[in-house]
Amino acid sequence: MKLEIARGLFLAGALAVASLAMVVWEQPRTQVLSAAQGEHCPLPRGAKSSVAVKPDHELLLFMFGMSQALKPQS
């Protein structure tokens with residue numbers, strides 16, 4: 001097989017794969033939430049709304065420390 005033929009087949013295959021990937025790529029669409037849906041986001045099916053959620057203070061402290069580490073030291 002000549003190099004030109006192999007190069008052409010590779011280019012055609014790469015374009016076919018890229019085109020197929022672009023066709024099946026799925027992005028969520030932007031939506032406007034209306035007042036009919038309620039004031040809060042709907043809960044997942046398995047979530048219990050009667051259980052009070054308490055924040056994990058160690059996680060909050062960790063996140064604060066990580067955000068402070070990202071700032072430049074000047």
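The values are calculated or read from the model by the stated rules, or taken from the named source; none is laboratory data. Model, not experiment: these values are computed from the prediction. Don't worry about glycine lacking a Cβ; one is built from the backbone with ideal geometry, like all the others, and counts go over all protein chains shown. With ligands, DNA and RNA removed, areas are computed over all heavy atoms of the protein, side chains included. Shrake-Rupley method; radii C 1.70, N 1.55, O 1.52, S 1.80 Å.
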Could you tell me whether segment 51-62 includes any residue that is more than 22 Å from the chain's Cα centre (by Cα), surrounded by 10 or more Cβ atoms within 10 Å (Cβ to Cβ), modelled with pLDDT of 65 or more and of a type in the set (Asp, Glu)? yes
Would you be able to tell me the number of residues in segment 25-47 that are at pLDDT 65 or above and open to solvent by 100 Å² or more (accessible area, probe 1.4 Å)? 13
